[in-house]
C-alpha cells in the first residue's frame, strides 16, 4: 500500500468516532490529551482542541508516533485552523504536592476552562473526575483512535517540549533539550553529579539510589 493510501486509511479511522458523534446531533466536538506524566522534571501539560469539520489536517496522529519535526509542523496547522484550543500547565511543585494524577486532572481542567468556545461534546484520553460542562467520554489510547484527541496530544507535546527547551538554557548541565526531563541514563547521571534542579519532581526521585532529595 502506498504512503498516501495508508494516510487516507488512517484518517478515515481517526475521524470515525467523531463522525458517529455528529450523527447523534453534536457539532462542536473537542479532544483533550496530556504530555509529561512520566518525566523526572518539568510540568505536566494538557491541551483541548476543537477542529473544523470542513477540512482535515492530514498527518495528525498520536504525538508519540511522530517525529519532533513533524509535530512542530502539525502544531502550526492545528493551532492556525482550530475553532478553539486551550492548554493547561501544572508545574513540578504542584505535582509533588498533589501527586501526578491529581496534577494531570488539574491540567486537563485548565485546558478545558481556557477554551474561548466551549464544545458540546468532549473526548479525552483516559482521565476521570473532571468538572466538564458537556457530555464527555474518556477513551483509553484515545490519542491513537480519535482525530481531535490526537491533535490535542500534538499541542500538549509541543507545548511541553518548548518549555523544556527553555529550561535547558537555564539549566544546561541536565540536557533537558534532549530528553525533555525523562529518566534517561544521561539525565540520571547529571542529577547524580549536580543534584536536583529547581524543576525536578522530588517525589519522582525517591527511588533513584544516590540522589540527594
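Cβ-Cβ distance of residue 186 and residue 130, R₀ of 45 Å, FRET efficiency by 1/(1 + (r/R0)^6): the value works out to about 0.80.
Taking 0.36 nm per residue of sequence separation and subtracting the Cα-Cα distance, how much length would be gained by fully extending the chain between residue 6 and residue 208, in nm to one decimal?
That pair, residue 6 and residue 208, stretches by 68.5 nm at full extension.
If R0 is taken as 22 Å, the Cβ-Cβ distance between residue 26 and residue 54 corresponds to a FRET efficiency of 0.85. Rank 127, 78, 170 by mean-square fluctuation in a GNM of the chain with C-alpha springs under 10 angstrom and give only the top-ranked residue. Most flexible of the set in this elastic network: 170. Taking 58, 121, 167 as the candidate residues, the one with maximal mean-square fluctuation in a Gaussian network model of the chain, Cα springs under 10 Å, is 58. Computed over the alpha carbons of the chain, Rg followed by Dmax gives 18.0, 58 Å. Dividing the summed helix terms, -39500 (n - 2.57) for each DSSP H run of n ≥ 4, by the number of residues in the chain produces a 222 nm estimate of -14000 deg cm²/dmol to the nearest 500. For the stretch 121-193, the mean projected area of the C-alpha convex hull, equal to one quarter of the hull surface, is 6.6 nm². With springs connecting C-alpha atoms under 10 Å apart, model the chain as a Gaussian network and identify which of 46, 84, 177 has the largest mean-square fluctuation. The residue with the greatest mean-square fluctuation here is 177. At R0 = 35 Å, how high is the FRET efficiency between residue 19 and residue 178 if r is their beta carbon distance? Nearest 0.05 is fine. Working from the Cβ atoms, E equals 0.30. If a spin label sat at a point 7 angstrom from the Cα of residue 140 along the line to its beta carbon, the backbone N atoms of the stretch 92-131 nearer than 13 Å would be those of 126-127.
Every read-out reported here was derived from the displayed coordinates using simple, explicitly stated rules and does not represent laboratory data. Everything numeric in this text was worked out from a predicted model, so none of it was measured. Because the Cβ atoms are built from the backbone with ideal geometry, glycine has one as well, and the counts that use them run over all protein chains shown.
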